[in-house]
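Trainee: Okay, handing you the structure first.
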Amino acid sequence: MSFFNSAETMSRSSIEDLQLARLKETLEHVYKNGSYYRRKFDDAGVEPGDVKSLDDLSKLPFMSKEDFRAGYPLEMLCVPREELREMHMSSGSTGTPVVMAYTQADLDQWGECVARCYRMAGMEKGESVQITPSFGLFNGGFGAYHGARKADLFIIPAGAGNTDRQIKLINDFKVKCLLGVVSYGIRIVEVLKEKKLALPSLTTGIFGAESFSDSMREVIEGELGIEAYDIYGMTETGGIGTTGMDCKFHNGIHVWDDHYITEIIDPQTGKVLPDGETGEVVFTSLTRQAIPVIRFKTGDLTRIVSREKCECGRTTVRIDRIKGRCDDMLIVKGVNFFPKQVEQALLEIPGVLPHYQIIIEENNGVRDVRINVEAEPGVTGYMVEKHLKEKLGFSPAGDVFAPGALPRQEGKAVRVFYKNCSK
Ligand SMILES: [Zn+2]
């Protein structure tokens, strides 16, 4: 078993000592060099010296996406502008974009985090990875690239789209690992079937940017004949892979805790929750320079699975795969559910294909859910409704479509649609 570096296997007490030392340095840095952070701390009546232990972190105020939006383009910067070497941003569906800027040290940190993910997925020096997110403002393509450079991999920088060419490249260059969004993996599966092709060299898939259910993982693993990994990270924490990935034992996401402190909070009260309880995950960066995050509320729901050593030998904290986003939770007729639960339930029905839409429709002031899903002949709307009723506790209308009938999207898949109403 191979590790990228020794930080992955430090003892818990050494990790915590290192976290506290780095936390103090980061707080001094942002307070001294970042006017945004100084103002935020002053408003909350706290200063870096108040943090004497890791528990004291809870005295500090939270940050959110809104801080990044208000700070557009570079108001949150904590280094002189001439030290910047790269930027990425995510637009999201509404409003001002979120920008992350990088010094050389930040790029090195990002590359190291992603390189650890590649090694964790079994990628050794000289093995080939095909990178399928676009090389542009979205951080996915370049993050995968910086990490692959650090891990000494052979890079096929395919970028987004042109699935026929992607398949040809994988076969011509005997690519071992594909990195992308999971819905793109599903798109490749579809084209392979249509053209009666296979990808014999491919053994590994690293998927990020959208959360996917265990049953979706099984579909993609079975169809592509690969092992799938769930890579985690967002623009605000520094991009893809910064906050970890699952290992081959798939018992939670290893968060690189020499670089980030993980807290789980009650999203309503902000109170830190005990290990094991589900809440919103909050990250504090320990090694980033240009735009560090202090108690950044991600909006993602998960729990701490363990702080014990994993079977793979890594000692980092492990969090569950993301259950959903706080603002993704759907409430229909008094029942709360996440799109991912619908996906999980749908794909348990034999013959159902991984293409579906969740339609929230309002009629006469009442919200209802309709599920459009593609399936092989033989699957009926009644079968879909009955299974969802058993699994989710309510009965949406289920409409079954022929394979290929629902629209396809490039990039992240949109699964939830609103009709006669909005979120
Ligand atoms: Zn592990």
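The values are calculated or read from the model by the stated rules, or taken from the named source; none is laboratory data. Being a predicted model, the structure only gives us computed values, none of them experimental. Note that each Cβ is placed from the backbone with ideal geometry, even for glycine, and that neighbours are counted across all protein chains shown.
Trainee: What's the number of the only condition in (1) free of Cβ contacts under 8 Å to residues at least 12 places away in the same chain; (2) buried (at least 19 other Cβ atoms within 10 Å of the Cβ) that T269 fails to meet?
Mentor: Only one criterion in (1) free of Cβ contacts under 8 Å to residues at least 12 places away in the same chain; (2) buried (at least 19 other Cβ atoms within 10 Å of the Cβ) is unmet by T269, namely (2).
Trainee: Being within 27 Å of T298 (Cβ to Cβ) and part of a loop (DSSP other than H, G, I, E, B) is the requirement here; does M100 meet it?
Mentor: no
Trainee: Now, a different point. Out of the residues in region 248-274 meeting the condition of being of a type in the set (A, V, I, L, M, F, W, C) and either away from the ligand (no atom under 16 Å from the Cβ) or part of a loop (DSSP other than H, G, I, E, B) (or both), tell me which one is nearest to the chain's Cα centre (by Cα).
Mentor: Out of the qualifying residues, it is V255.
Trainee: If I ask for residues that are within 21 Å of K297 (Cα to Cα) and of a type in the set (A, V, I, L, M), which ones from region 10-60 would you list?
Mentor: Across region 10-60, the qualifying residues are L20, L23, L27, V30, A44, V46, V51, L54, L57, L60.
Trainee: What are the residues in region 356-384 that are modelled with pLDDT of 90 or more and more than 30 Å from the chain's Cα centre (by Cα), if any?
Mentor: Within region 356-384, E376, P377, G378, V379, T380, G381, Y382, M383 meet the criteria.
Trainee: Further question on the same structure: Please find, within region 198-247, the residue that is farthest from F296 (Cα to Cα) out of those that are charged (D, E, K, R) and within 16 Å of the ligand (Cβ to nearest atom).
Mentor: E227
Trainee: Moving to a separate point now. Taking only pairs six or more apart or across chains, which ones have beta-carbon atoms under 6 Å, a first residue in region 176-190 that is in the same structural domain as M123 (by TED's automatic domain parsing), and a second residue that is basic (K, R)?
Mentor: Here the result reads V181/K412, each pair linking region 176-190 to a residue that is basic (K, R).
Trainee: Collect the residues in region 12-68 that are among the hydrophobic types (A, V, I, L, M, F, W, C), farther than 30 Å from G313 by Cβ and surrounded by 16 or more Cβ atoms within 10 Å (Cβ to Cβ), keeping them in residue-number order. Break it down into steps so the answer makes sense when it comes.
Mentor: Step one: of region 12-68, the residues among the hydrophobic types (A, V, I, L, M, F, W, C) are 15, 18, 20-21, 23, 27, 30, 41, 44, 46, 51, 54, 57, 60, 62-63, 68.
Filter once more, keeping what is farther than 30 Å from G313 by Cβ: 27, 30, 41, 44, 46, 51, 60, 62-63, 68.
Listed by number, the residues that qualify are L27, V30, F41, V46, V51, L60, F62, M63, F68.
Trainee: Quick check, is N251 in the same structural domain as R116 (by TED's automatic domain parsing), at positive phi and among the polar types (S, T, N, Q)?
Mentor: Spelling it out, it is not the case that N251 is in the same structural domain as R116 (by TED's automatic domain parsing), at positive phi and among the polar types (S, T, N, Q).
Trainee: Those residues that are assigned to a loop (DSSP other than H, G, I, E, B), under 22 Å from S134 (Cα atoms) and not hydroxyl-bearing (S, T, Y), I need them from region 195-239; list them, please.
Mentor: L199, L202, G208, A209, E210, F212, G233, M234, G238, G239
Trainee: So, in region 116-143, how many residues would count as being of a type in the set (A, V, I, L, M, F, W, C) and within 16 Å of the ligand (Cβ to nearest atom)? Don't jump to the end; show me each part of the working.
Mentor: Let us first name the residues in region 116-143 that are of a type in the set (A, V, I, L, M, F, W, C), namely 117, 120-121, 123, 129, 131, 135, 137-138, 142.
Okay, now just the ones that are also within 16 Å of the ligand (Cβ to nearest atom), so 117, 120-121, 123.
Number of matching residues: 4.
Trainee: Another one. Give region 126-147 a look and list any residue that's small (G, A, S) and surrounded by fewer than 24 Cβ atoms within 10 Å (Cβ to Cβ), or say none.
Mentor: Scanning region 126-147 gives G126, S128, S134, G136, G141.
Trainee: Can you tell which of P403, P377 is touching a residue at least 40 places away in the same chain (Cβ under 8 Å), farther than 27 Å from T302 by Cα and either assigned to a helix (DSSP H, G or I) or of a type outside the set (A, V, I, L, M) (or both)?
Mentor: Answer to the selection: P403.
Trainee: Quick one: I188 ticks every box in (1) of a type in the set (A, V, I, L, M, F, W, C); (2) part of a helix (DSSP H, G or I); (3) within 16 Å of the ligand (Cβ to nearest atom) except a single one, so which number is it?
Mentor: Result: I188 passes all but (3).
Trainee: Can I ask one more? Could you tell me which residue of region 308-335 is farthest from F3 (Cα to Cα), considering only residues that are among the β-branched types (V, I, T), touching a helix residue (DSSP H, G or I) at 6+ places or on another chain (Cβ under 9 Å) and away from the ligand (no atom under 16 Å from the Cβ)?
Mentor: For region 308-335, the residue satisfying everything is V335.
Trainee: Additional query: With respect to G244, is the statement that it is under 24 Å from D327 (Cβ atoms), within 13 Å of the chain's Cα centre (by Cα) and surrounded by 21 or more Cβ atoms within 10 Å (Cβ to Cβ) true?
Mentor: Details: under 24 Å from D327 (Cβ atoms): yes; within 13 Å of the chain's Cα centre (by Cα): yes; surrounded by 21 or more Cβ atoms within 10 Å (Cβ to Cβ): yes.
Judged against the criteria, G244 is a match.
Trainee: Report those helices (runs of 4 or more DSSP H) wholly inside region 1-90 carrying at least 3 residues which are modelled with pLDDT of 95 or more and assigned by TED's automatic domain parsing to the domain that holds E311.
Mentor: 12-33, 35-44
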